[in-house]
Structure formats: structure tokens, C-alpha cells
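Q: Quick one: structure below, then a few questions.
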Amino acid sequence: MQPTITKSEVNHKWSVTLTKRLGCTTEVRTLDLVKACGLEGEQVTTIINQIYPHLPNKSIKARTQAVQAILLNLLRASIEAKRTGQLTGFLHLRTNTAAKLPKRYAVNSFSNTTLTKVLDDMLLHGLVDCYSGFRGKDHLHGLASLWLPTTAFSAQIESWSITDLKVIWFNAEIELVELKDLSDTLIDYTDNQHTFSIRQAVSNTNKLRLAHDWHYIPETPRRTQQNALHDLISGQTYQTIAPRELICQRKFKHDFSTGGRFYAPYQQLSKAERATITIDGKPTVELDIKSAQPRILYNLRGLESPVDCYQIDGIPRETVKQMMLVALNAKDKEEAVRSLCVDLKMKRNDVLAYLDKLIQFHAPIADSFFSSAWRIVQYQDGELTNDILMAALAQGIAVLPVHDSYIVDAAKREQMLGIIKTAYRLRFGFECVVV
């Protein structure tokens with residue numbers, strides 16, 4: 001079986017919540033709930049028949065796909081739990097309220113209501129555990145329910161024949177141009193020449209990428225066990241990046257002049273994993289525009305930026321980078337401070353002192369901080385990436401974009417370097433630094 005690319009992150013809210021509920025320190029990791037694909041195989045069919053021995057014809061496809069998707073996510077969570085040694089699951093708002101999804105975004109045949117119903121049925125069969133989420137003063141935006149593989153499920157998959165399983169994608173096509181409102185809800189739109197042009201450009205660069213074979217070496221897990229999952233999580237060398245995971249989408253917010261970055265599943269790979277990527281068996285190189293977002297803000301104002309916008313005396317570079325990211329995304333300073341206290345595990349006064357240094361160092365663009373400047377920056381770097389991908393397409397160079405960095409055949413390094421620098425100069429009127 002070719003597993004999907006999986007990345008989990010520590011979920012601070014659920015870590016705090018379960019620590020309180022269980023009375024002991026508990027670190028929780030969550031991964032994105034994948035709904036576009038699921039598991040297929042004899043073991044999966046057996047589980048479906050156990051849960052649903054009799055289903056009306058109109059329900060078969062939706063319920064079957066929902067079970068397949070959940071089983072894949074439970075397997076992904078199990079793999080991550082063994083890799084990290086931490087409790088790992090996925091989030092799903094436990095509700096029977098069905099939000100109407102615009103047809104263009106459909107990636108499966110089941111609704112969120114059906115998914116909730118199937119999760120409840122699998123809960124009754126001992127395959128999944130659930131910690132219910134809630135809304136309250138301690139969690140202003142609510143807390144979606146946490147779903148975890150049970151011990152019984154983990155024991156069951158150890159006896160599975162992994163080679164008899166495969167990942168299937170429910171829909172052949174996906175929408176390449178996505179639009180959400182500012183609350184992250186997918187919204188429909190009327191196509192016009194502009195959206196047709198965006199979609200065609202994304203499609204053309206996707207086709208070139210899909211004409212090549214891409215592989216990578218998964219990071220070695222910290223913990224492994226001798227079981228049927230061992231080969232999945234630690235016994236492989238190179239793993240294929242599935243064609244569907246190479247497909248980029250452009251994702252906009254509110255309108256088509258906000259957001260617009262390129263996103264694809266392969267972007268979940270860690271920096272160490274990206275360094276191992278090969279194209280048609282040949283090594284690749286990742287070319288990164290140094291401190292791209294603040295650099296773009298300087299250049300849009302007609303100003304030369306510092307060589308490295310993340311290099312501030314007395315503050316670790318990675319900390320500055322995280323502060324800049326939060327400052328450009330936050331609606332106000334208080335939101336930024338709260339976020340950084342959690343992200344950096346620092347006290348409020350220390351965060352405020354660091355932010356003062358950031359504001360002082362970047363005084364020419366400081367009025368962009370704490371004002372949701374991501375709307376401008378993400379649109380501009382999305383347009384830049386489009387320029388770069390189209391120029392690379394014209395020269396027959398397949399590219400894996402990772403926001404402001406670009407992975408290409410190592411033999412094409414100098415050619416790609418020229419493409420990136422020229423595209424940046426044409427769009428912003430300044431030179432960029434590429435590392």
C-alpha cells in the first residue's frame with residue numbers, strides 16, 4: 001500500500017484540555033482530516049459489512065466512502081502516534097447540521113452529517129474513541145471533537161495484510177481554484193475570463209509536474225514496533241509521491257485579489273524530507289527566496305529591504321521568523337501576543353519585549369503588523385509563484401512550489417535561479433536573495 005503524506009502537529013488546546021480532564025500531563029497531536037480518499041481492501045470490506053450488514057441502495061456509496069475515509073485517517077493517526085510516541089487523532093465537529101457544499105468543491109459522495117453518523121457507528125463498534133469538544137469562555141472559537149483510534153483498532157490493524165490495501169481517491173477531478181470567505185467557509189463563484197485564466201495556468205503547470213516521477217525518504221520514526229505497520233512507518237527507503245498529492249490548487253480568501261497561494265499535499269513534507277526528493281530518480285534542489293514576505297512589503301513601498309529580514313540581534317532567527325508570520329497574520333497586537341505566548345512558550349512580558357524589537361527593526365513596514373497584512377502579502381507571493389511557474393513551464397522545468405521556495409531537478413539549478421530572480425525583479429522592481 002502507498003500511504004498518503006501525513007503530517008501531525010501538537011494541538012495546544014487539546015493538550016491543555018486533556019491534561020485537565022485526565023489529571024496528568026498529556027500532549028495531543030492532530031492531523032488534517034482527509035476526506036478525498038480512503039482505504040480499499042478485503043479488511044475494509046469486512047469492517048463495512050460488520051457495521052452495515054444492510055443498507056438502502058441510496059446510502060451505500062456515501063456510507064462506504066465515509067467508512068473508507070475514516071479508516072484511512074485512523075491508520076494515519078496510528079502511524080503518527082507510533083512515529084512520535086504521542087496521542088494522535090483528528091478533529092471533526094460532532095454535529096448533525098449539514099452545511100451545503102458548493103458542487104464544484106465535492107471530493108466525495110458523503111456529507112458532514114453522514115460522516116458524523118458513521119463516526120458514531122464506529123464508536124459503537126469500538127474502532128474509534130471520541131473526546132467531545134465544546135464552546136465556552138476558555139475557548140472563544142470553540143473546540144472541535146477529537147477522534148482517536150482505539151486500542152482495539154490498533155490491535156486489529158497489526159494483523160492486516162498491508163499489501164492487500166490501497167488508497168483510492170473518490171473523485172477523479174478537483175477544483176483547482178478555491179475561494180473561501182474570511183471565516184474559512186468554501187463559497188461558490190461565477191467563472192469569468194479571470195478565473196478561467198487562473199485555472200488554466202494552474203492546470204498547465206500541474207500537467208508538467210505530473211509527467212515526472214517524484215520520490216522522497218520519510219523521516220525515521222523515534223519509536224517503532226515489530227508489527228504489520230513497521231514497514232509502513234520505518235522500513236521503507238524511497239516512497240512515491242502519489243500523482244494526486246502533486247496537484248496544486250490556488251486558494252483565495254474573500255475575493256480573487258486576496259490570498260491566492262499555491263497549496264498541495266506534498267507541502268506537508270518536512271524540510272528534511274524535502275531535501276531527499278528526487279525527480280525521475282535524480283536529486284533535486286530547493287531554492288528559497290530569503291525572508292520573502294517582509295521583503296515584498298518593503299519592495300511594494302519602493303524600499304530596499306534588509307538582506308535578511310529575520311536577523312535581529314538578541315533574538316534567534318527562527319523566533320523572529322515566527323514573530324513576523326504571526327504579526328502579519330494577526331488582526332491586532334493582543335491576538336499576536338496570545339498566539340506567540342503559546343507558540344514560543346514564553347511569558348507575556350518577554351513576548352512584548354521581542355515584539356518591540358521587531359517593530360523597531362522593521363519601522364518602515366511596522367504599520368503592516370497586526371492588521372491582517374497577509375491579505376496583501378499572500379496575494380503578491382501567489383502571483384509571483386504563478387509568474388515563476390509559467391516561466392519554468394515555458395522552459396520545460398517541472399517545479400514543486402512550497403510557497404516562496406521552489407524544488408527542481410538539481411541539474412536545472414542555475415536555470416531556475418535565473419527564472420526566480422527575473423520574475424521577482426519584473427514584479428517588484430528590486431533584486432531578491434535566493435538561497
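The values are calculated or read from the model by the stated rules, or taken from the named source; none is laboratory data. Because the structure is a prediction, the values reported are computed rather than measured. Cβ coordinates were reconstructed from backbone atoms using ideal geometry, including for glycine residues, and neighbour counts include every protein chain displayed. All accessible areas refer to the heavy atoms of the entire protein, side chains included, with ligands and DNA or RNA removed. Shrake-Rupley method; radii C 1.70, N 1.55, O 1.52, S 1.80 Å.
Q: I'd like to compare 29-38, 179-188: which one has the highest average count of other Cβ atoms within 10 Å, and what's the full order after that?
A: 29-38, 179-188
Q: Now for a separate question. Based on DSSP H runs of at least 4 residues, each adding -39500 (n - 2.57), what is the mean residue ellipticity at 222 nm of the chain after dividing by all its residues, to the nearest 500 deg cm²/dmol?
A: -13000 deg cm²/dmol
Q: Based on Cα coordinates alone, diagonalise the gyration tensor for the range 298-347, multiply each eigenvalue by 5, take square roots, and list the semi-axes in whole Å, largest first.
A: Numbers: eigenvalues 99, 47, 8 Å².
So the three semi-axes of the range 298-347 are 22, 15, 6 Å.
Q: While we're on this one: Hey, what's the Cα Rg ratio for the range 295-435 versus the globular rule of thumb, 2.2 N^0.38 Å?
A: 1.16
Q: May I ask for the net charge around residue 280, where only other residues with Cβ less than 15 Å from the Cβ of residue 280 are counted and Lys, Arg are +1 while Asp, Glu are -1? It would help to have the intermediate numbers written out before the result.
A: Working: positive: 209, 282, 412; negative: 213, 409.
Net charge in that neighbourhood comes out at +1.
Q: Mind listing the long-range amide H neighbours of residue 433? Cut-off is under 5 Å, sequence gap 5 or more, other chains count too, H placed in the peptide plane at 1.01 Å from N.
A: 290
Q: Full extension from residue 338 to residue 371: what is 0.36 nm times the residue separation minus their Cα-Cα distance, to one decimal in nm?
A: On the way: separation 33, 0.36 × 33 = 11.88 nm, distance 1.53 nm.
Extending this stretch completely gives an extra 10.3 nm.
Q: List, in order, the whole-Hz ³J(HN,Hα) value for each residue of the range 390-404 obtained from phi through the Karplus relation with A = 6.51, B = -1.76, C = 1.60 and θ = phi - 60°; use x for Gly and Pro.
A: Whole-Hz 3J(HN,Hα) from phi for the range 390-404: 5, 5, 5, 4, 4, 9, x, 9, 7, 10, 9, x, 10, 6, 10.
Q: May I pose another question? Among [x] 37, 27, 22; [y] 42, 37, 17; [z] 31, 24, 23, find the value of semi-axes √(5λ) of the Cα gyration tensor in Å that was calculated from the structure presented, and write down its label.
A: Only one option fits the structure, namely [x].
Q: If the limit is 26 Å between Cα atoms, which of 13/290; 207/282; 166/412; 100/207; 271/412; 321/347 go over it?
A: Working: 13/290 32 Å; 207/282 19 Å; 166/412 34 Å; 100/207 31 Å; 271/412 20 Å; 321/347 18 Å.
Where the Cα-Cα span goes over 26 Å, the pairs concerned are 13/290; 166/412; 100/207.
Q: One quarter of the convex hull surface, Cα atoms only: what value does that give for the range 229-324 in nm²?
A: Values: hull surface 40.5 nm².
Projected area, direction-averaged: 10.1 nm².
Q: Tell me the carbon and sulfur percent of the accessible area for the range 342-435, rounded to whole percent, probe radius 1.4 Å.
A: Its accessible area is 52 percent carbon and sulfur atoms.
Q: I need the Debye-formula profile for the range 366-435: one equal scatterer per C-alpha, no solvent, reported as log10 I(q)/I(0) at q = 0.14, 0.25 1/Å, two decimals.
A: So the normalised log intensities are -0.45, -1.16.
Q: Carbon and sulfur together cover what percent of the accessible area of the range 28-137 at a 1.4 Å probe radius?
A: 52 percent
Q: In square angstrom, what is the accessible area per residue of the chain with a 1.4 angstrom probe?
A: 48 Å²
Q: Springs between alpha-carbon pairs under 10 angstrom, Gaussian network model over the chain: which of 411, 373, 398 fluctuates most?
A: 411
Q: Another question, then. May I ask you to derive the FRET efficiency for residue 286 and residue 25 from their Cβ-Cβ distance with R0 = 51 Å, giving the value to the nearest 0.05?
A: Step by step, r from the Cβ atoms, then E = 0.90.
Q: What FRET efficiency do you get for residue 263 and residue 411 if R0 is 35 Å and r is their Cβ-Cβ distance, rounded to the nearest 0.05?
A: 0.80
Q: How large is Rg/Rh for the range 1-156, to two decimals, with Cα atoms and a Kirkwood Rh?
A: Reported Rg/Rh (Cα atoms, Kirkwood Rh): 0.96.
Q: Continuing with this model, one more query. Please list, in chain and number order, the residues 5+ apart from residue 29 or on another chain whose amide H is under 5 Å from its amide H, with Hs placed from the backbone.
A: The answer is 11, 87, 88, 89.
Q: Within the set of other residues whose C-beta is less than 14 Å from the C-beta of residue 329, count the net charge using Lys and Arg as +1 and Asp and Glu as -1.
A: So the environment of residue 329 carries a net charge of +1.
Q: Also: Starting from the Cα-Cα distance between residue 151 and residue 331, subtract it from 0.36 nm times their residue separation and give me the gain in nm to one decimal.
A: Working: separation 180, 0.36 × 180 = 64.80 nm, distance 4.18 nm.
Fully extending the segment from residue 151 to residue 331 adds 60.6 nm.
Q: ³J(HN,Hα) across the range 413-421 via Karplus (A = 6.51, B = -1.76, C = 1.60, θ = phi - 60°), whole Hz, x for Gly/Pro?
A: 3J(HN,Hα) across the range 413-421, in whole Hz: 4, 5, 4, 5, 4, x, 4, 4, 5.
Q: Give me a comma-separated list of calculated 3J(HN,Hα) values for the range 24-33, in order, Karplus coefficients 6.51, -1.76, 1.60 applied at θ = phi - 60°, integers in Hz, x for any Gly or Pro.
A: Values per residue, Gly and Pro as x: 8, 4, 9, 9, 10, 10, 10, 10, 5, 7 Hz.
Q: As an exercise, find the ratio Rg/Rh for the range 48-87 from alpha-carbon atoms, using the Kirkwood inverse-distance average for Rh.
A: Answer for the range 48-87: 1.19.
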